[in-house]
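K.L.:
Sharing a structure here in structure tokens format.
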There are 2 protein chains.
Amino acid sequence: MKRIADSTVRRLSMYLRYLEDLDTRGQQTASSDELAHLCGTTPAQVRKDLSFFGSFGKRGLGYPVHELTAHLREILGLQREWKVIIVGAGKIGAALANYRGFRQRGFTVVGVYDHDPAKVGKAWGDATIRSMDTLAQDIQREEAPIAVLAIPAENAQAVVDQIVAAGIRAILNFAPTQISVPPHVSLKSVNMAMELEGLSFALTNAGLLDQGAA
Amino acid sequence: MKRIADSTVRRLSMYLRYLEDLDTRGQQTASSDELAHLCGTTPAQVRKDLSFFGSFGKRGLGYPVHELTAHLREILGLQREWKVIIVGAGKIGAALANYRGFRQRGFTVVGVYDHDPAKVGKAWGDATIRSMDTLAQDIQREEAPIAVLAIPAENAQAVVDQIVAAGIRAILNFAPTQISVPPHVSLKSVNMAMELEGLSFALTNAGLLDQGAA
């Protein structure tokens with residue numbers, strides 16, 4: 001089977017957001033033109049992205065909103081709950097532990113962990129900050145597959161090795177460093193400074209950036 | 001001139017990070033193999049990315065580390081200071097206002113803004129939280145070109161319209177919604193829930209994700 005680019009998956013997430021919105025408002029069908037306009041892409045791209053997963057919609061009638069919403073949720077693996085642990089109880093960890101958008105999409109934060117004894121035991125909304133000493137055994141007991149890494153660059157790889165050994169299979173990395181994972185582990189990195197660098201590049205080289213390929 | 005994909009700019013940021021590290025350690029030259037290995041890409045991709053901006057390095061000798069570092073900083077627009085305002089003094093705003101990585105790359109946070117009267121006037125590290133009432137005039141006075149948006153989805157577009165009218169030319173958006181900007185304004189969005197959805201997709205469809213195209 002053909003492999004799927006990360007940028008395609010991001011667009012699927014975006015289609016889903018708008019389709020859910022249309023579904024809530026009772027709209028029955030949506031055209032590729034409409035989805036493209038809402039998501040800032042082209043109708044041809046919408047048709048190509050969706051055709052990959054089978055035949056949706058009929059020429060001239062558009063996509064059935066409710067059916068496509070359900071199908072996209074299934075494709076994205078959102079028809080179930082995912083247990084997530086957050087490593088690092090700093091400001092980014094705090095922002096993520098309380099992020100409404102996670103729970104809405106079926107991501108449940110089952111634990112927040114920190115090295116700092118002064119933080120351990122404190123309550124953060126529904127979660128209590130736990131010691132890193134119990135991290136590995138908690139991952140195994142909870143069978144949590146996803147970890148969010150919100151720790152400094154220095155400790156990142158050592159923590160990654162520890163949580164991967166404990167069973168984590170997907171990592172969202174906010175530590176400002178490149179980390180290595182074995183092939184069976186999925187990794188996505190968000191680097192705040194690199195995002196701003198993309199903007200300084202755009203400001204410096206106006207017109208050079210191909211927004212369509214972003 | 002050919003336009004450049006966003007993914008290329010991200011790789012340039014990454015090459016720069018490793019070259020700076022090699023430069024600090026006194027290494028004179030780096031091969032495309034070495035850069036590719038450090039950045040998780042292929043030597044052919046490294047050569048292609050760098051050739052776009054002119055002819056660096058000599059066949060068999062590798063790239064001159066110090067010279068290429070300086071050139072990449074110039075390409076990315078990092079040889080100057082960029083003034084940044086942060087809109088939203090919630091947890092993500094707090095994490096970003098204090099993010100060391102910004103200052104290290106020449107991004108100076110000149111103001112943090114919030115609607116909440118209870119927050120206005122409070123000191124956050126070097127910055128004091130200011131009222132949204134002065135946002136537009138501050139952007140004009142400081143000539144800040146970059147805004148980071150860390151506010152709820154509901155207010156996002158209204159705030160964007162206001163800051164763009166005041167002179168903002170680049171926006172890093174953390175509000176979990178699609179926003180519209182005029183063509184002269186650059187926009188990058190980070191959506192935490194969508195990042196996790198990329199991981200749930202990968203966990204659900206093991207082997208389907210083309211990591212190389214990410």
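K.L.:
On the basis of being surrounded by 15 or more Cβ atoms within 10 Å (Cβ to Cβ), closer than 22 Å to residue B:93 by Cβ, within 20 Å of the chain's Cα centre (by Cα) and of a type outside the set (A, V, I, L, M, F, W, C), does residue A:93 make the cut?
P.N.:
When the stated conditions are applied, residue A:93 passes them.
Here is a yes/no grid of residues against (1) touching a strand residue (DSSP E or B) at 6+ places or on another chain (Cβ under 9 Å); (2) surrounded by 15 or more Cβ atoms within 10 Å (Cβ to Cβ); (3) over 28 Å from residue B:183 (Cα atoms):
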{"position": "B:87", "(1), (2), (3)": "yes, yes, no"}
{"position": "B:101", "(1), (2), (3)": "yes, yes, yes"}
{"position": "B:105", "(1), (2), (3)": "yes, yes, no"}
{"position": "B:111", "(1), (2), (3)": "yes, yes, no"}
{"position": "B:117", "(1), (2), (3)": "yes, no, yes"}
{"position": "B:120", "(1), (2), (3)": "yes, yes, yes"}
{"position": "B:149", "(1), (2), (3)": "yes, yes, no"}
{"position": "B:161", "(1), (2), (3)": "no, no, no"}
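K.L.:
Consider the stretch B:84-132. How many of its residues are touching a residue at least 40 places away in the same chain (Cβ under 8 Å), in contact with a Lys or Arg (Cβ under 7 Å, 6 or more places away or on another chain) and under 22 Å from residue A:175 (Cα atoms)?
P.N.:
Total satisfying the criteria: 1.
K.L.:
Looking only at the stretch B:66-104, filter to residues that are touching a Gly at 6+ places or on another chain (Cβ under 9 Å) and of a type in the set (Val, Ile, Thr); which one of those is farthest from the other protein chains (Cβ to nearest Cβ)?
P.N.:
Here the answer is B:87.
K.L.:
Assuming residue B:70 fulfils every condition listed in (1) out of contact with any Ser or Thr (no Cβ under 9 Å at 6 or more places or on another chain); (2) in contact (Cβ under 8 Å) with a residue 40 or more places away in the chain apart from one, which condition is it?
P.N.:
Going through the list (1) out of contact with any Ser or Thr (no Cβ under 9 Å at 6 or more places or on another chain); (2) in contact (Cβ under 8 Å) with a residue 40 or more places away in the chain, residue B:70 breaks only (2).
K.L.:
Sticking with this one: Among the charged types (D, E, K, R), without any contact (Cβ under 8 Å) to a residue 40 or more places away in the chain, in contact with a strand residue (DSSP E or B) (Cβ under 6 Å, 6 or more places away or on another chain) and surrounded by fewer than 14 Cβ atoms within 10 Å (Cβ to Cβ), is that true of residue A:81?
P.N.:
Here the answer is yes, as residue A:81 does meet what is asked.
Every read-out reported here was derived from the displayed coordinates using simple, explicitly stated rules and does not represent laboratory data. Here the structure is a predicted model, which means the values were calculated and not measured. Here Cβ is always computed from backbone atoms with ideal geometry, including for glycine, and neighbour counts include all displayed protein chains.
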